[in-house]
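A.B. asks: Take a look at the following structure, please.
The values are calculated or read from the model by the stated rules, or taken from the named source; none is laboratory data. Because the structure is a prediction, the values reported are computed rather than measured. Cβ coordinates were reconstructed from backbone atoms using ideal geometry, including for glycine residues, and neighbour counts include every protein chain displayed.
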Amino acid sequence: MQTTLHLPIARVLVIEDEPDLREAMVSFLQLENMDAVGVSGLKAAEAALANEHFDVLVLDLGLPDGDGLVWLSSQHGLSDKGVIITTARGEATSRITGVRAGADVYLVKPIQLEELAALIRNVIRRMRPAATNQWTLDVTTWCLLSPEGVSIKLTNSERVLLLDLAQVPGQSVSRDHLVRSLGHNPDYYDHRRMEILIRRLRNKAKDLLGYDLPLETAHRQGYAFTSAIEVKGVPLKEK
């Protein structure tokens, strides 16, 4: 079976001294299409930050070489990064101090890994407001690129479908036209196949992006891509 590769949504540095929890967080985030790295303390975190770029820090407060909250308050080079605090300290004063120190989210342990991944996606979206809602369909590499730079690998049918929709963004394209582009006769085609194709594409995009693809159903007409989209590469029908 061929492995499908996607560009990571974000680079995440997990600063957590409990090995099992750190490994679980890193492994889960990697499964969620994030480039996650784990370290056990503040000195290791500083070394990682000095050598690599990270979009989001997941920071435990009770660390063996210092207090994460004090450390966060002393850091002046994190303004371009999201910060999610994970800690057993649930009192209101700690939450307020954490927010004042620059944390975007304050999570009290035990945490749900699904919630952590969703919060990282939310932070990334706030950090990367798209100047436009420009999507890119690359017909050469069979990829749809989101405004945030996330690459969605397409099947051949998905690529053909999106290519038709990308020619007229914001306008509906009839089901019959799409069926012909896919190489079938509308008179004999089972339109449930197209519904399944659309649903799988939407689900795949939402799993990677954390939000809905701007692919709308035009009732009794067809489908429309309702955002700006650029086509790169040579469309197959022009080859």
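A.B. asks: So which of G68, G41, G82, G77 ends up being on the phi < 0 side of the Ramachandran plot and in contact with a Ser or Thr (Cβ under 8 Å, 6 or more places away or on another chain)?
C.D. replies: Working: G41 fails: in contact with a Ser or Thr (Cβ under 8 Å, 6 or more places away or on another chain); G82 fails: in contact with a Ser or Thr (Cβ under 8 Å, 6 or more places away or on another chain); G77 fails: in contact with a Ser or Thr (Cβ under 8 Å, 6 or more places away or on another chain).
The conditions single out G68.
A.B. asks: Applying the selection to region 211-239, what residues are under 14 Å from the mean Cα position of the chain (by Cα) and at pLDDT below 90?
C.D. replies: Y211, D212 - these are the residues of region 211-239 that are under 14 Å from the mean Cα position of the chain (by Cα) and at pLDDT below 90.
A.B. asks: Looking only at region 43-59, filter to residues that are of a type outside the set (G, A, S) and surrounded by 22 or more Cβ atoms within 10 Å (Cβ to Cβ); which one of those is farthest from the chain's Cα centre (by Cα)?
C.D. replies: Among them, the one singled out is L59.
A.B. asks: Answer with yes or no whether A88 is loosely packed, with under 15 Cβ neighbours inside 10 Å, on the phi < 0 side of the Ramachandran plot and touching a residue at least 24 places away in the same chain (Cβ under 8 Å).
C.D. replies: So A88 passes the test.
A.B. asks: Taking the stated definitions as given, is S40 among the hydroxyl-bearing types (S, T, Y), in contact with a helix residue (DSSP H, G or I) (Cβ under 9 Å, 6 or more places away or on another chain), at pLDDT below 90 and outside the structural domain of T141 (by TED's automatic domain parsing)?
C.D. replies: no
A.B. asks: Which of (1) touching a strand residue (DSSP E or B) at 6+ places or on another chain (Cβ under 9 Å); (2) surrounded by 13 or more Cβ atoms within 10 Å (Cβ to Cβ); (3) over 30 Å from V105 (Cβ atoms) does H184 not meet, given it meets every other one?
C.D. replies: Unmet for H184, out of (1) touching a strand residue (DSSP E or B) at 6+ places or on another chain (Cβ under 9 Å); (2) surrounded by 13 or more Cβ atoms within 10 Å (Cβ to Cβ); (3) over 30 Å from V105 (Cβ atoms): (1).
A.B. asks: Could you please find all residues in region 134-146 being closer than 14 Å to P214 by Cα and in contact (Cβ under 8 Å) with a residue 24 or more places away in the chain?
C.D. replies: Scanning region 134-146 gives Q134, W135, T136, L137, L144, S146.
A.B. asks: Among the residues of region 98-156 satisfying the criterion of being basic (K, R) and part of a loop (DSSP other than H, G, I, E, B), which is nearest to the chain's Cα centre (by Cα)?
C.D. replies: R128
A.B. asks: Next question, about the same structure. When region 193-210 is examined, which residues are found to be surrounded by fewer than 14 Cβ atoms within 10 Å (Cβ to Cβ) and at pLDDT below 90?
C.D. replies: Within region 193-210, K206, D207 meet the criteria.
A.B. asks: Okay, next question. When region 99-116 is examined, which residues are found to be of a type outside the set (D, E), crowded, with 19+ Cβ neighbours inside 10 Å and touching a helix residue (DSSP H, G or I) at 6+ places or on another chain (Cβ under 6 Å)?
C.D. replies: A101, V105, Y106
A.B. asks: Of everything in region 61-74, what is in contact (Cβ under 8 Å) with a residue 12 or more places away in the chain and either out of contact with any strand residue (DSSP E or B) (no Cβ under 6 Å at 6 or more places or on another chain) or surrounded by fewer than 15 Cβ atoms within 10 Å (Cβ to Cβ) (or both)? Give them in sequence order.
C.D. replies: G62, L63, P64, D65, G66, L69, W71, L72, S73
A.B. asks: Please verify whether region 19-28 includes one or more residues that are over 24 Å from G149 (Cα atoms), surrounded by fewer than 13 Cβ atoms within 10 Å (Cβ to Cβ), outside the structural domain of I152 (by TED's automatic domain parsing) and of a type outside the set (K, R).
C.D. replies: There is at least one residue in region 19-28 that is over 24 Å from G149 (Cα atoms), surrounded by fewer than 13 Cβ atoms within 10 Å (Cβ to Cβ), outside the structural domain of I152 (by TED's automatic domain parsing) and of a type outside the set (K, R).
A.B. asks: Within region 106-123, does at least one residue satisfy the condition of being touching a residue at least 60 places away in the same chain (Cβ under 8 Å) and in contact with a strand residue (DSSP E or B) (Cβ under 6 Å, 6 or more places away or on another chain)?
C.D. replies: Yes.
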